[in-house]
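Report on one structure; see the data block that follows.
Please treat every number below as a calculation from the coordinates, not as lab data. Not measured: the values here are computed from a predicted model. Cβ placement follows ideal geometry from the backbone for every residue including glycine, while neighbour counts extend to all protein chains displayed.
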Amino acid sequence: MDPRYFQPIPCGAPLPLDNPHAFSVSMPTYQDVADYEDGVQAVLELIKTAYPRIEIHPYVKRAAEQLRRENGLPDGGASYILPSLWAAQHVAELSGTAPQIFESHPYALAYFPADSQDSPFDYYSFMRHCGYMIYSREAEDFLRSCGVELPEWREEYNENDPIDQILAVLHGGYGAGEISLCSSGMNAIYAVYAAIRETFPEERDIFIQYGWIYTDSISILQKCSGRFHQIGRVTDFTALVHFLVENGDRVAAVITETLSNPLLQAPDLPALAELAHRYGFMVVLDNTFATPWNVEVTAYSDVIIESLTKFASGRGDCMAGAIFIPPASRLPKTTAAALFPYLVPLGGRDLRRIGATIGGYCERVERVNHNASQLVTYLAQQPLVKSLHHAYADATGDIYRGIAVDETGYGGVISFVVEGEFAIFYDNLDIPKGPSLGCDFPLAMAYTLMAHWDMVNSPEGQDELEAMGISPWLIRLSVGEGEVAPVIAALEVAFAALAASAA
C-alpha cells in the first residue's frame, strides 16, 4: 500500500492517488466537507475528480463543450453529453424540461441556453440518478478522436474476453441465472424500476423502500416509481405487514439492501419473500455491500442488483453495474425483456478495465472481511466510540447470520459514531477521506454530512434522521484490502486527539 495513503492528503486530490479516472476525492477536514456542501467556490475549484454522480469529470465536461461547439451553440448555457439520442429525450421527458437536443452518433447533446426557462439542474438530476451518463474513459477517447491531446495514463485491461470473465466471476458467486451488464449500478436500478412500471398492471403502482437505503436509490424511488412508500427501518417489519394488509394488491415491488447503507442492517429476507409470494410483489435486492461471496440470497429475491464499481472492481476507478435474475425469480418474462431499452451497455475501456480487475473479487472479499473483523474488535474496545454498526451487530445480526455463508462475512464496510467533537476526530484521522467505497485502500466518509447535508441542516431533516437511528456525525469506513495495522494506528492518533480535547 502506498504510504501516502496514511499521510495528510490535500483537499481535492484524486482517490486513488494520481489516477485521472478516480471516483473519490480527498476531503480531509470537516470544514472541507461543509464548504463543499455549501458550494464554497474555493473548495469546488480544488475538486477535479469525484464520484460521477457527485461531480462531472473534467473530460466529460470538455466532451460536452466539444459537441456544443460542433453544433454552433453559444457559450454561457448548460451542456450535457449523454450516451444516446434516446437517453437524452427520455431524460427530458422524465424531468419535464425541454432542452435543445442534438445527435452526434453515438452520443447526444442536451443544451440549455443561458435564458432557458427550464432548470438545467432538474435535467441533470434525472440524468445522473437514472445513470444516463458517459464517464471519463469514454470522454477521453472521444476527445482524442477530436484531436485533443491529453496526458497518458497506464492501467491494466482485459483485451481478450472481458465479458466472459465478468460473467464467469458473477456466476461463480451467484450461481445459475440471467445476468445483464450495464454502465452503472444506478442505471441497473432505474432499468428495473422502469421495466416494472412499464409492464405491470396500472393498479400495481406502489414501490416500497424498505430500510434506509443508498441515498441515490431513494431518489430514484421518489422521482420515478409512481406511488412511493417509505419504511425507513428494516427492524420495523410490523409496519411493512400492516401496510401490505391494506395495500398489498397495489404493491409492485419492495426495494431493499442485503446490508443497509450506512447502518449495515439486514432485512429478514425469508420473511419478506413469504410476503412477496402472498401479495404478488417483486423483491428487488441491492447486494453491493454484502457481495455474493458472503450471503446466499437468490432464493429470496426476484431481481438482484449490484454496483460492480465497488468491491467487484476494487479499484475505485471504473463504473459498471449488473442485474441478476435468479432461476426461481417470479419476474415476468415480459418485464425481463423490457429492461434492455433502459440499460446503457457496458462497453469500451470501462468494460475492459473491469474485465481485468474483477478476477480477484472472491479473494478481495476475503481480505476485506478479515480487515472488517479486526477493526470491529478494535473499535468495540474504544471508550470514545458511541455506536458501532456492522453486519453482525445486535439490531439485525441474527437475521444476517441466517443468510450469511459463515461467521466471517462482515463485508468491507463498518460505520461508527464517536463521543465528543466530530471535527477533532475527523480532522486528525490520517487515512483517505472522501465519498465512495470498495477500494483497495481504506476510505472514511462523513456519510450523513455528505449524503444528507440538507437534512442535517433542517429541523425536519434532523428529526427524520433521528427517527431512522442515523447520526449526523456518522463515519462510514470502507476498510480496504491492505494491512489493517496502519488503519488502527491512524485511528489511535485520532482517538488520542479526541481524548485530549475533552481533558
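Observations on the structure shown:
- By the Stokes-Einstein formula, at 1.306 mPa s and 10 °C, the range 304-419 with its Kirkwood radius over alpha-carbon pairs has D equal to 94 µm²/s.
- Pairwise centroid distance, computed over Cα atoms, of the range 315-341 with the range 277-307, Å: 11 Å
- Shown here for the range 322-417: GluC sites (Glu not before Pro) in loop regions (DSSP other than H, G, I, E, B) with at most 14 other Cβ atoms within 10 Å, namely GLU407.
- For the chain, the dipole from Cβ point charges (+1 on Lys and Arg, -1 on Asp and Glu) about the Cα centre works out to 600 debye, to the nearest 20.
- Exposure proxy order (Cβ contacts within 10 Å, fewest to most) of ARG227, ARG367: ARG227, ARG367
- Identified option (computed volume of the Cα convex hull per residue in Å³; candidates [x] 340; [y] 146; [z] 181): [y]
- Value in Å of the Kirkwood radius, where the range 424-493 supplies the Cα pairs that are averaged: 13.1 Å
- Relative contact order for the chain, counting Cα pairs under 8 Å that sit 6 or more residues apart, in percent: 16 percent
- Note on the range 86-104 and the range 461-503: Cα centroid distance 42 Å, given to the nearest whole angstrom.
- Cross-link reach list, aspartates and glutamates versus LYS61, counting only Cα pairs under 16 Å and skipping chain neighbours closer than eight places: GLU45, GLU70, ASP75, GLU138, GLU140, ASP141, GLU149
- Per the Debye calculation on the range 162-359 with a single equal scatterer at every Cα and no solvent contribution, log₁₀ I(q)/I(0) for q = 0.11, 0.19 Å⁻¹ amounts to -0.45, -1.39.
- Burial order of peptide ranges 387-395, 158-166, 70-78 (average beta-carbon count within 10 Å, highest first): 387-395, 158-166, 70-78
- The distance linking the range 1-41 with the range 385-453 is 18 Å (Cα centroid to Cα centroid, whole angstrom).
- Length-normalised contact order for the range 1-50 - Cα pairs under 8 Å, 6+ apart - percent: 40 percent
- The range 58-134: relative contact order in percent, alpha carbon pairs under 8 Å with at least 6 residues between: 34 percent
- Residues SER458, SER116, SER145, SER183, arranged from fewest to most other Cβ atoms within 10 angstrom of their Cβ, appear as SER145, SER458, SER116, SER183.
- Modelled this way, with points 7 Å down the Cα-to-C-beta line, the labels at ILE163 and GLU45 are 4.7 nm from one another.
- Normalised per residue, the volume of the convex hull around the Cα set of the range 58-134 (Å³): 77 Å³
- Residue-wise HN-Hα coupling along the range 394-401, computed from phi with Karplus coefficients 6.51, -1.76, 1.60 (Hz; x: Gly, Pro): 4, 3, 9, x, 5, 5, 4, 4
- Distance (nanometres) between label positions extended 7 Å along Cα→Cβ at PHE340 and GLU407: 4.8 nm
- Residues with amide H under 5 Å from that of PHE441, placed H, sequence gap 5 or more: GLU481
- Sorted by Cβ density within 10 Å, fewest first, the residues LYS61, LYS333, LYS310: LYS333, LYS61, LYS310
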